[in-house]
1. Could you sort 30-42, 63-75 so that the peptide with the highest average Cβ count within 10 Å comes first and the rest follow in order?
2. Using 7 Å Cα-to-Cβ label points, what is the Glu33/Lys46 separation (nm, one decimal)?
Amino acid sequence: MMSSIKDKYAIVGVGYTPQGRVPGRTSLSFHLEASANAIRDAGLRKNDIDGFICYRHFPAASNEYDLTPTLVAQHLGIAPAFMSQDAN
C-alpha cells in the first residue's frame with residue numbers, strides 16, 4: 001500500500017531570476033539562483049530540505065549538461081530523500 005501525503009505539511013519558498021537570454025548565464029545557474037532564493041524565502045537551511053521538485057525538463061543547450069533535479073541538488077549541496085521533475 002502506498003503512503004499518502006494528504007494532510008502532511010510543506011514549507012514552500014519562491015525564488016525568481018532574470019528571464020530570457022542573459023549573457024554569461026547557463027540554465028543551471030538560473031536553477032541554482034532560483035533554488036537558493038526559494039530556500040531563503042522559505043526561511044530554511046539546506047539541511048532542512050528533504051524533498052526537491054524542479055520544473056519540467058528543458059533540453060540542454062549544446063554547451064550544457066542535461067539539467068536534472070539530481071544535478072541541481074548536487075550543486076546546491078543538498079541530499080533530499082525525494083526528488084522529482086514536474087510540470088503543471
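Derivation of every value follows stated rules applied to the coordinates shown; laboratory data play no part. Because the structure is predicted, anything quoted here is derived from the model rather than measured. Note that each Cβ is placed from the backbone with ideal geometry, even for glycine, and that neighbours are counted across all protein chains shown.
1. Ranking, from highest mean packing down: 30-42, 63-75.
2. Result for the modelled spin labels: 1.9 nm.
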